[in-house]
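Here is the structure we will look at.
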Amino acid sequence: MKRSFLILSLLAVWSCADKKSEINAQQIVDKAITIAGGELYDTSDISFTFRDRKYEVAHHSKKIILKRILITDSSKVVDIKTGNKFERFINDTLVDLPDSLATSYGNSVNSVHYFASLPYGLNDAAVNKELLGEVSLKGTDYYKLKVTFSQEGGGDDFDDTYLYWINKTTWKADYLAYEFHVNGGGMRFREAYNERYVKGLRFVDYKNYKPKDKGSILTIDSLYSANELELLSEIKLDSIVVNPGNYN
């Protein structure tokens, strides 16, 4: 009788230990951010080119300033997003824009910077994270995370849904997918490649896919595994420059 009680007690202890050792979505994201550069995101000025435009992120007086710069033979267009404020300068002259255009341009600038710095943005206050489980892609095991956004602080596209696949061994975000609703809506699946570290920060390029047929964003990884996604484009960052320790 005593032996049976001892065995049951040990099983209960082991069960509690297993529950305590279970990882959650927040812990996974924290580890992924640390592996990708962690606090360096908060203290580094970054620039890169994407599709013939230069993008810059700078830290000044506890504010994050995002820029997009397009130079042609006749003009220089500089878009600046600081918090919720957007400004466009053409040849150093501030342009008066309708609110709708300012919002659209601001979202476009923010989107490029957001994807370039992933997974850093996954700890923003408006982000809701959920661990969906574990899956295998191309023979590698991943944590599959679902990310949604609260309406307050979640931006104009707060109702979009994102998925991230975090490598269980390296803690790197190798794949992501999202469902969007603007311009008729749709779904995208991105496969990271060409990983490189610049001054301690991880950058990747992406192969950008879409489903051939409509379905659920939650099962888009199954479509990828079955080769049922169509390659749309490749998203490449060039001329990456990182200047660490510029926060002031």
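Neighbour counting of Cβ atoms within 10 Å sorts the residues TYR143, TYR162, fewest neighbours leading, into TYR162, TYR143.
If R0 is taken as 35 Å, the Cβ-Cβ distance between ASP99 and GLN27 corresponds to a FRET efficiency of 0.30. Counting every other Cβ atom within 10 Å of each residue's Cβ, LYS85, LYS144, LYS172 order from fewest to most as LYS85, LYS172, LYS144.
Going down the list LYS62/LYS210; LYS31/LYS212; LYS31/LYS236; LYS85/LYS212, which pairs span over 31 Å between their C-alpha atoms? Before the final figure, lay out each step's value.
Details: LYS62/LYS210 38 Å; LYS31/LYS212 34 Å; LYS31/LYS236 25 Å; LYS85/LYS212 38 Å.
The answer is LYS62/LYS210; LYS31/LYS212; LYS85/LYS212.
Per residue, the average separation of C-alpha pairs within less than 8 Å and at least 6 apart gives the chain a relative contact order of 19 percent. Centroid-to-centroid, using Cα positions, the range 107-135 and the range 55-95 are 23 Å apart.
Of all complete DSSP H helices in the chain, those with a Cα span along the helix axis of 18 Å or greater and a mean Kyte-Doolittle hydropathy of 0.0 or more are 2-21.
Take ILE90, ILE235 and order them by how many other Cβ atoms sit within 10 Å, fewest up front. Can you show the working numbers first?
On the way: ILE90 12, ILE235 17.
Ordered by Cβ neighbours within 10 Å, fewest first: ILE90, ILE235.
The residues packed around GLU134, meaning those with a beta-carbon under 13 Å from its beta-carbon, carry a net charge of -1 if Lys and Arg are +1 and Asp and Glu are -1.
Any read-out appearing in this document is the output of simple, stated calculations on the displayed coordinates, not a laboratory observation. Quick caveat, the model's predicted, so the values are computed rather than measured. Virtual Cβ from ideal backbone geometry, glycine too; neighbours counted across all protein chains shown.
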